[in-house]
Amino acid sequence: MPANLIKRDVVTALAARAAGLDQPAGDPRLKHVVNRLLADLMVAIDELDISMDEFWRGIAYLTQAGKQNEFGLIVPGIVLEHFLDLRLDEAERRAGLAGGTVRTIEGPLYIAGAPVSKGEARLDDGTDDGEVLFMEGQVRGVSGEPIAGAVVDVWHANTMGNYSHFDPTQAAFNLRRRIETDKDGGYRFRSIVPNGYACPPGSQTEKLLQAMGRHGNRPAHVHFFVSAPGYRKLTTQINIDGDKYLHDDFAFGTRDELIPRVDRITDAGEIHKLGLNKAFARIRFDFSLIKEVAGAPATIVAREHAEAA
Ligand code: MBD
Ligand code: FE
């Protein structure tokens with residue numbers, strides 16, 4: 001069929017009626033958004049001459065993606081989650097907010113309610129023989145003031161790139177903790193160096209990426225929510241330097257400011273001091289939080305999360 005078969009005013013009228021614009025009831029914001037998305041979609045179908053087969057293949061794809069609970073994975077994979085970050089960055093800039101540790105995507109694998117501890121924690125349960133990682137730092141305001149009692153909610157994958165809860169072989173909340181900073185704003189944890197995540201083989205996400213000539217790998221990373229009363233909640237990650245996918249993240253989460261140096265500690269004295277018997281990795285990373293101000297775009301995002309069983 002040729003493209004551009006339908007007049008624009010026909011599309012406009014159809015979208016308006018389908019979105020209930022001629023009805024008094026309903027949610028005005030929702031109607032406005034649905035109207036726009038429908039009109040844009042019909043225009044795209046017409047301009048691209050999307051065939052019936054292509055259309056229904058797309059619907060079948062999305063149906064299966066929904067059944068497999070993959071929308072949270074497709075969204076970062078098609079850059080939309082990073083795009084939302086860029087919008088929030090720019091909205092903050094326009095609101096006069098500056099400084100602070102840069103944000104990056106949350107991703108789909110957070111579980112609320114991880115165990116809480118004060119000052120320090122061990123994240124791994126000892127069953128994964130990965131390289132030991134000590135990570136420590138301070139949470140401060142942008143003016144440099146240490147923030148005592150801030151919560152560092154940290155989660156990361158194991159050496160297989162898998163996350164507890166989603167990986168039934170791991171114990172509940174393995175590699176997930178909430179650490180309250182000490183009186184000097186300090187946090188520290190012992191864990192294992194994660195490996196990068198890969199989209200599940202055969203998943204709808206992987207199929208789409210493959211069809212676009214892309215891969216579904218992330219570089220090794222550690223996620224954080226950092227929050228404290230009076231400050232804007234930070235959602236971010238650090239990447240493990242040297243990873244093959246560091247600048248080729250399928251989820252577009254890497255940012256240059258979030259690649260701390262990884263020290264490999266081989267000094268016998270330091271190793272023994274920590275009760276270890278082999279070299280380990282150490283990362284120092286401070287988080288800087290912006291003070292909350294009235295009227296600024298919210299950084300606390302209402303988002304459904306999987307619940308711990
Ligand atoms: C992850 O671990 C992740 O952080 C993102 C954004 C997507 C898939 C897996
Ligand atoms: Fe992740």
Please give the peptides 135-145, 120-130 ranked by average Cβ packing (other Cβ atoms within 10 Å per residue), highest first, as a rough proxy for protection. 135-145, 120-130
If only Cα atoms are counted, what is the Rg of the stretch 180-261, and what is its Dmax, in Å? 15.9, 52
Judged on accessible area alone, 1.4 Å probe, highest first, VAL222, VAL262 line up as VAL262, VAL222
Which value, in Å² and to the nearest 10, is the accessible area of ARG190 when all protein chains are kept and the probe is 1.4 Å? 50 Å²
Angle between the chain longest axis and helix 52-67 axis [Cα atoms, degrees, rounded to 10]: 30 degrees
In order over the stretch 174-190: 3J(HN,Hα) from phi, Karplus 6.51/-1.76/1.60, θ = phi - 60°, whole Hz, x for each Gly or Pro, gives 4, 6, 9, 8, 10, 10, 8, 5, 6, 5, 9, x, x, 9, 7, 8, 9
Just grab the label-to-label distance for GLU257 and ILE6, each label 7 Å out from Cα along the Cβ direction, in nm (one decimal). 4.4 nm
Contact order relative to length for the chain, counting C-alpha pairs under 8 Å separated by 6 or more residues, stands in percent at 20 percent
Quick one, can you get me the convex hull of the C-alpha atoms of the stretch 139-194 expressed as volume per residue in Å³? 89 Å³
Tilt relative to the chain, helix 28-48 - C-alpha long axis, 0 to 90 degrees, to 10: 70 degrees
Taking the Cβ-Cβ separation of ASP89 and ASP22 as r and a Förster radius of 30 Å, what is the calculated FRET efficiency to the nearest 0.05? 0.20
Which residues qualify? For HIS221, with a placed amide H closer than 5 Å and at least 5 residues away or on another chain, they are ALA157, ILE240
Largest-first ordering by accessible area, 1.4 Å probe, given options HIS215, HIS272, HIS165: HIS272, HIS165, HIS215
If you take every DSSP beta bridge whose two residues both sit in the chain, what share of them, in percent to the nearest 5, is antiparallel? 65 percent
Counting only Cα, what are the radius of gyration and maximum Cα-Cα distance Dmax of the stretch 157-309, in Å? 17.9, 53
Nearest 10, in degrees from 0 to 90: the angle of helix 80-94 to the longest Cα principal axis of the chain is 80 degrees
Rank HIS272, LEU234, VAL34 by how far each Cα sits towards the positive end of the charge dipole of the chain (+1 on Lys, Arg Cβ; -1 on Asp, Glu Cβ) and give me just the farthest. LEU234
Area accessible to solvent at TYR245, 1.4 Å probe radius, in Å²: 50 Å²
For the stretch 203-255 and the stretch 2-53, what is the separation of their Cα centres, given in Å? 34 Å
Run the accessible area of the stretch 1-70 with a 1.4 Å probe and give the carbon-and-sulfur part as a rounded percent. 63 percent
Once R0 is set to 41 Å, what does the formula 1/(1 + (r/R0)^6) return for the Cβ-Cβ distance between ASN277 and GLU145, expressed as a FRET efficiency to the nearest 0.05? 0.55
Rule-of-thumb check for the chain: C-alpha Rg over 2.2 N^0.38 Å? 1.18
Distance from the stretch 84-101 to the stretch 154-170 (C-alpha centre basis), Å: 31 Å
How would you classify the stretch 2-161 from its alpha-carbon gyration tensor, with a ≥ b ≥ c the square roots of the eigenvalues: rounded for a/c under 1.5, else prolate if a/b is greater than b/c, otherwise oblate? prolate
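The values are calculated or read from the model by the stated rules, or taken from the named source; none is laboratory data. Treat the numbers as computed from the prediction; the structure is a model and nothing was measured. Reconstructed Cβ throughout: ideal geometry from the backbone, glycine too, with neighbour counts over all protein chains shown. These accessible areas exclude ligands, DNA and RNA; they are computed on the full protein's heavy atoms, side chains included. Shrake-Rupley method; radii C 1.70, N 1.55, O 1.52, S 1.80 Å.
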